[in-house]
Amino acid sequence: GRTENKTSRMSALDKSQEIDAFKSRLVNDVFGKDNKGKVPMEKVMMLIWQFRDDPTVVQFMAQFVAKYAGARDVFDGIEFYLPQLAHMIIHLEADWDDAILERFALVIAQRSLHFALQLNWILQGAIEDYQPEMPDAEHGC
């Protein structure tokens with residue numbers, strides 16, 4: 001009993017240290033100096049997904065990207081990952097006080113009409129996909 005409990009505490013501690021190391025590596029990749037002033041959006045999106053249960057990390061990343069959203073290369077990266085961002089907005093059932101991802105998308109949409117239109121099309125498609133099917137009789141066929 002006692003040895004088992006100690007082992008499970010150790011493995012939980014190891015797992016926690018592993019997660020912290022991974023988080024540290026990702027953050028270092030995003031903010032590291034080898035990015036030549038560019039923001040690697042694939043790593044930003046990976047961070048947001050990896051820590052989707054932690055609103056502080058998601059909010060931090062959203063604020064970070066919003067701060068640099070004026071740079072052309074940042075926008076190109078964001079548009080490439082728009083389907084993933086839209087998926088997270090639609091499907092993440094996070095119990096947060098504020099809609100961090102939605103506000104993040106709105107900040108970007110305010111700076112890029114192209115992004116705003118693409119996001120709108122994806123969200124409209126999702127709304128249509130989740131509408132209940134009507135029996136043929138109600139379509140007047």
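The values are calculated or read from the model by the stated rules, or taken from the named source; none is laboratory data. Here the structure is a predicted model, which means the values were calculated and not measured. Positions of Cβ are backbone-derived with ideal geometry, glycine not excepted, and every protein chain shown enters the neighbour counts. When the accessible area is computed, the model is the full protein with side chains, heavy atoms only, and any ligands, DNA or RNA have been set aside. Shrake-Rupley method; radii C 1.70, N 1.55, O 1.52, S 1.80 Å.
Quick notes on this structure:
- Pair list, Cβ under 7 Å, 6 or more apart: region 111-135 residue under 18 Å from G77 (Cα atoms), other residue open to solvent by 60 Å² or more (accessible area, probe 1.4 Å) and of a type outside the set (F, W, Y): R111/G70; I122/P83
- Count of residues meeting criterion [over 18 Å from A86 (Cβ atoms), open to solvent by less than 60 Å² (accessible area, probe 1.4 Å) and part of a helix (DSSP H, G or I)] in region 49-58: 2
Results for (1) over 17 Å from V44 (Cα atoms); (2) open to solvent by 70 Å² or more (accessible area, probe 1.4 Å); (3) modelled with pLDDT of 80 or more, shown as yes or no for each residue.
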| position | (1), (2), (3) |
| --- | --- |
| A66 | no, no, no |
| A69 | no, no, no |
| Q84 | no, yes, yes |
| A94 | yes, no, no |
| Q118 | yes, no, yes |
| G125 | yes, no, yes |
| D129 | yes, yes, yes |
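- When residues of region 36-48 are limited to those that are under 20 Å from H87 (Cα atoms) and open to solvent by 80 Å² or more (accessible area, probe 1.4 Å), the one modelled with the lowest pLDDT: E42
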